[in-house]
Amino acid sequence: MTPTVVQLLSQARQCLAERLQLPETEARIEAQLLLSRALGGVSRAWLITHEQDTPALDQHQTFESLLERRLNGEPVAYLLGQREFFGLPFNVTPAVLIPRPDTEILVETALALIPDQQAMRVLDMGVGSGAIAIAIAKNRPQTQVVGIDRSEAALEVAKANAEALDAPNADFLLSHWFSSLGGEEFDVIVSNPPYIAAGDPHLAQGDLRFEPSSALASGTDGLNDIREIVAQAPGHLKSQGWLLLEHGYDQAKKVADLMRANSFIEVRSVADLSGILRVTLGQRP
C-alpha cells in the first residue's frame, strides 16, 4: 500500500537527517520540496492540508527517485531545477553554479554604485545562470547589463532566465573573460569568478561535487582568474568605474593587494551576512 503524504514526509525527513547530517528543520524543508516536485509542483501548504492523501504509485516512485539522488549528495537546486536569488526564481542546471545567498552582497554593493534612473553599462563576468546580471537588470531597468561566459550551455540557461524574468536590458555574450569584448568599456564590472584552490578537499564534498569545476577552481591558490580579471579590467572600465569581485573567506587582503598593485583606488572589502569579507571593490582613477 502506498504511504500517505505525512508518512512519506516523515520517512524522508528521517533519512535526510541521518544520512546527510542535516538539521531537523532543513531535512523537513528538503523532504517537502522533493515531494512537492514529485506531486507536480504543489505548495508546501498543500502538503500540510492534504497530509492524509495517498499519492499515486508513479508519484511515489518519482519521489523515491528524487530522494535517493538527494541522499547520494545531488543538490536540491538541481533536482528541482530552480533556486531563488535576490527574490527571483532562477532555473538552474548542472551546467551552472547554484546561486548562493552569500553572493547577494555582491549585487547589493553593485546597486549602491548605480543611481536609479541613470543609464549605465554593467558587465557581469562568468554569468552562469544569469543570477547576478538579471538581479541588477531588474533593479536598475535604465542600465544595460552584459553577461559573459565561456560556456555556451551556461549562456543558454542565462538567456532563458532573462526571458522568463522579463529582463530585456540584460544581454549575453560568449567570451572567456575579456577576450570577445574588443574595446568596450563599462561603468561597473562585477564577477563571482572561480576562487577555490584546485587541491582544496571541499571540491570533493557536498554540493560542490556536482557543480561545474570550471566555475569553482582556479589554480593552486584559487586566484588565477582573479589575477587575470584585475589585470585586464582597467582597459574595460570607464574613468571612475568600479570593479567588484566576490572571493573566498580568507582572500580579501590578497584581492585588495592585487587591485592596488593594478592602480585601483578606493579599495575596500564588504562583509556578507555572516560577517565574512566576501566582496572586494576598487575604482579606476
(request) Give the number of residues within segment 115-139 that are among the basic types (Lys, Arg) and buried (at least 22 other Cβ atoms within 10 Å of the Cβ). (result) 0
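For (1) of a type outside the set (D, E, K, R); (2) closer than 27 Å to Ala160 by Cα; (3) touching a Phe, Trp or Tyr at 6+ places or on another chain (Cβ under 9 Å), each residue gets a yes or a no:
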site: Arg44; (1), (2), (3): no, yes, no
site: Leu57; (1), (2), (3): yes, no, no
site: His60; (1), (2), (3): yes, no, no
site: Tyr78; (1), (2), (3): yes, yes, yes
site: Gly81; (1), (2), (3): yes, yes, no
site: Leu88; (1), (2), (3): yes, yes, no
site: Thr93; (1), (2), (3): yes, yes, yes
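Condition test on Ala198, is it buried (at least 19 other Cβ atoms within 10 Å of the Cβ) and either assigned to a loop (DSSP other than H, G, I, E, B) or in contact with a strand residue (DSSP E or B) (Cβ under 8 Å, 6 or more places away or on another chain) (or both)?
On the way: buried (at least 19 other Cβ atoms within 10 Å of the Cβ): no; either assigned to a loop (DSSP other than H, G, I, E, B) or in contact with a strand residue (DSSP E or B) (Cβ under 8 Å, 6 or more places away or on another chain) (or both): yes.
No; evaluated as a whole, the condition is false for this residue.
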(message) Please go through (1) assigned to a loop (DSSP other than H, G, I, E, B); (2) within 20 Å of the chain's Cα centre (by Cα); (3) surrounded by 16 or more Cβ atoms within 10 Å (Cβ to Cβ); (4) of a type outside the set (Val, Ile, Thr) for Pro55 and return the number of the only condition it doesn't satisfy.
(response) (2)
(message) I'd like the residue in segment 203-233 that is assigned to a helix (DSSP H, G or I) and farther than 17 Å from Met125 by Cβ and, out of all such residues, is modelled with the lowest pLDDT.
(response) Leu203
(request) Being in a loop (DSSP other than H, G, I, E, B) and in contact with a helix residue (DSSP H, G or I) (Cβ under 7 Å, 6 or more places away or on another chain) is the filter here, so list the residues in segment 156-181 that pass it. (result) Leu165, Ala167, Asn169, Trp177, Phe178, Leu181
(message) For the structure I just gave you, tell me whether Val145 is free of Cβ contacts under 8 Å to residues at least 60 places away in the same chain, over 28 Å from Leu34 (Cβ atoms) and part of a strand (DSSP E or B).
(response) yes
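In segment 248-266, which residues are closer than 19 Å to Asp124 by Cα and touching a Gly at 6+ places or on another chain (Cβ under 8 Å)?
Listed by number, the residues that qualify are Gly248, Met259, Phe264.
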(request) Filter segment 84-94 for residues that are buried (at least 20 other Cβ atoms within 10 Å of the Cβ) and under 19 Å from Pro194 (Cβ atoms) and give the result. (result) Phe85, Val92
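The values are calculated or read from the model by the stated rules, or taken from the named source; none is laboratory data. Quick caveat, the model's predicted, so the values are computed rather than measured. Cβ: placed from backbone, ideal geometry, glycine included. Neighbour counts: every protein chain shown.
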